[in-house]
Amino acid sequence: MMKYILTISIAFFSVFCTIAQDRFSVIEQKLTVLTPDNPGLNGKVELSVSGAPLQEMIRGIAQVNGLNISVDPDVNVNVVNNFSNVTVKDVILFIAREYNLDVSFVGSIITFSNIAAPKVEAPVFTPKAIEIKYDKKTDQLTLNLKNDTLFAVAKEITSVTGKNVICAPGLGTSIVSSYVYALPFLDALNSMAFSNDFKIDLTPNNVYTISKKEVANEVRQNSADGASGGKKGKKGINATDDATPDGLSLEMDEAGLISVIAGNVPLLDVIKAVSQKAKMNYFLVSEITGNISFNISGLSYEDFLKYVFNGTNFSYKKDGSIYMMGDRTFEGLRATSMIPIRYRSIQDVAEMIPSNIKKGVEIKAFEEQNSLLITGSQEAIDEIESFIRGIDKTVPVVLIELIVTNVTNKVQISSGISMGVDSKVAKGGTLNPKFNYTFGTTSISKLLSVLGGGGLINLGNVSSDFYVNLQALEEQGYIKVKSMPKLATLNSHEASMSIGETEYYSQTSSTVIPGTTPTTVSQTTYNAVNASFQLTIKPYLSSDDYVTLEVSVTQADFTARISPEAPPGQTNTTFKSLIRVKNNEMVVLGGLEKKSVTETGSGVPFLSRVPVLKYFFSKRSRESKTEKLSIFIKPTIIY
């Protein structure tokens, strides 16, 4: 009786799907007819909504495309969709199919409304042509049964083979399906019976009877006697009083919890026995194969199914009071789940899911909600969700405080005497804090007169443009550049900063244009040269409140140009470090020190190198410069 009710339900569902498919075809045809007079139906839709009422979304589409579309007030649907570069006609069809709505047409007015499932009467199963072939020479039988009544099948087998096959009272209207190709007669009958939860018995009069497994003891005994007296040793004739398969021990307590011990028993037999014991309805959407051995106790029926299907290609899905079972790739067993990601990006999480648990599962990224849309068997979805929850944890943030100092200390000493003839040289100068004074002819004579005592020393007849420059100065400089940036990054992610400057140099190119009078065209371009301070830090947190830092520093500076048009020179300083710092403690890196000493001089040949005299016949300059770069780093962990 239960199988008959299940068959009616499946037939009802099939008829309903057929009617729905025909309804969508009619809607599509009517939209196609309306399109020439309503070009807005081919308008493109760019729309993204999340939880908006269907009425509001349809009203917006209708206004933009100049259409008359109405939504019945009884329709209570919130839409979560993203449409891009699709036509209005496709959107209408999608909404009708997705939310099971009806679309009616009055002139150019389109109306959405709810629909009720059509009333379908229980199908009446009538005999039809049954595909049965029998080879008398080899005693091989081929069956191709699909939703045929058991009485018609038994009658056709008897007619084709000449062997009497009957069905037990009350089973004649049972629906059977099976496919068996070229098996010995008795094996073919047993295969057909097995796939439809029947059993085959052989009476002493060589009559094959088809009955339910839970038949009366008297019938079983007759069957056993017939098997022993007629076809001895034939496989598949059930002669035992216990319906539990060999190698299987099954118990159920008062709370409905199941305890099972199986030793290399066909998985299908285990499922049938447990389902009958628990009085659960099930439907096989595909054949379940393979043997299984296990020992479990105190499980509910659903936990039992999860246990036995774990690691196999089979799955189950509950539809009302019926458990659908079979290959997990079948459409009726697939499920869809939206798994939100809280602390990570969906791209990173999708790549981290192991390939072995993604097998047979489709995963799509839903970027608007930072979620993963997963379609597949429920077991696979549960396993993936458990994995995601295990890795979707809060990622600590590391705040990195930096103090970057660049100290330059410079000392420059210049001294000497220079003289010459130049009317453009200004006379005079400074005596304090540095001595840099230029004397003219008259001033020199007066100075020598004082130094010589009595004016006996005189320069004589010299040009009025003659000058003497005395220079003695010392310069000291101390420059300290300090910056205090703050960087924040996630654990194991890189943070960087860059501070730099740009200088330009000119580059001139000439092009000669031939002709009667050649013409030269010059073009000047300005090229950029960059020098910067770059710092990159990548933190790694440990469980003992320490932070490991990968630090990379590059400092580039400009130097003097070799000529005004030449590009500036550059110096580069680079270092890398891997350090471990406790949370909220500071560490100093760098201390890169660069020293330079520059001495320059000019003077009269030979005399500029003679002791004492060299101070009167030369000019010298000496510069000592020290630069030091230091970096102070303080990491702070923020959970």
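The values are calculated or read from the model by the stated rules, or taken from the named source; none is laboratory data. Please read these numbers as outputs of a predicted model, since none were measured by experiment. So basically every Cβ, Gly included, is an ideal-geometry build from the backbone, and we count neighbours across all protein chains shown. Note: areas computed on protein heavy atoms with side chains; ligands, DNA, RNA excluded. Shrake-Rupley method; radii C 1.70, N 1.55, O 1.52, S 1.80 Å.
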Subject >> the stretch 519-591 - Rg over Rh from alpha carbon coordinates, Kirkwood radius >> reply: 1.30
Original post:
Calculated FRET efficiency, Phe366 and Ser108, Cβ-Cβ r, R0 45 Å, to nearest 0.05?
Top reply: 0.80
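Per residue, how much accessible area does the stretch 355-396 show when a 1.4 Å probe rolls over the protein heavy atoms, in square angstrom?
55 Å²
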Original post:
How far is it, in nm, from the label point at Tyr343 to the one at Lys136 when both lie 7 Å from their Cα along the line to the Cβ?
Top reply: 7.9 nm
Original post:
Measuring from label point to label point, each 7 Å out along Cα→Cβ, what is the Val160 to Lys594 span in nm?
Top reply: 9.6 nm
**OP:** Enumerate by residue number the trypsin sites (Lys or Arg not before Pro) in the stretch 266-300 meeting two conditions: DSSP loop (anything except H, G, I, E, B), and at most 16 other Cβ atoms within 10 Å of the site's Cβ.
**Re:** Lys279
**OP:** Quote the FRET efficiency, to the nearest 0.05, computed for Asn100 versus Ala335 with a Förster distance R0 of 22 Å and r equal to the Cβ-Cβ distance.
**Re:** 0.70
**OP:** Give the calculated FRET efficiency between Thr511 and Thr574 to the nearest 0.05, with a Förster radius of 35 Å applied to their Cβ-Cβ distance.
**Re:** 0.30
Original post:
With each label point set 7 Å from Cα along the Cα-Cβ vector, what nm distance links Arg561 and Thr489?
Top reply: 3.7 nm
**OP:** Take the Cα pairs of the stretch 154-218, get the Kirkwood Rh, then feed it into Stokes-Einstein at 10 °C and 1.306 mPa s and tell me D in µm²/s.
**Re:** 129 µm²/s
Original post:
What length, rounded to one decimal in nm, is gained on full extension from Ser621 through to Thr312, with 0.36 nm per residue of separation minus their alpha-carbon distance?
Top reply: 102.4 nm
Original post:
Are there trypsin sites (Lys or Arg not before Pro) in the stretch 492-591 that DSSP puts in a loop and that have at most 15 other Cβ atoms within 10 Å, and which ones?
Top reply: Arg561
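Leaving out ligands and nucleic acids, note down the accessible area per residue over the stretch 520-593 with a 1.4 angstrom probe, in whole Å².
For the stretch 520-593, the per-residue accessible area is 59 Å².
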**OP:** Report the dimensions of the stretch 333-372 along its three principal axes from the alpha-carbon atoms, largest first, rounded to Å.
**Re:** 28, 20, 12
Subject >> Cβ-based net charge around Thr142, under 9 Å, with every Lys or Arg adding one and every Asp or Glu removing one >> reply: -1
Subject >> Residue-normalised accessible area of the stretch 124-184, given per residue in Å² at a 1.4 Å probe >> reply: 61 Å²
Subject >> Debye log10 I(q)/I(0) at q = 0.14, 0.22 Å⁻¹ for the stretch 258-376, Cα point scatterers >> reply: -0.70, -1.19
Original post:
Over the stretch 239-354, what percent of the accessible surface lies on carbon and sulfur atoms, probe 1.4 Å?
Top reply: 46 percent
Original post:
Share of the stretch 61-109's accessible area from carbon and sulfur, percent, 1.4 Å?
Top reply: 43 percent
Original post:
Taking 0.36 nm per intervening residue step and subtracting the Cα-Cα distance, what contour gain separates Thr520 from Ser25 on full extension?
Top reply: 170.5 nm
Original post:
Between rounded, prolate and oblate, where does the stretch 59-204 land on the alpha carbon gyration tensor, with a ≥ b ≥ c its root eigenvalues, rounded for a/c under 1.5, else prolate if a/b exceeds b/c?
Top reply: prolate
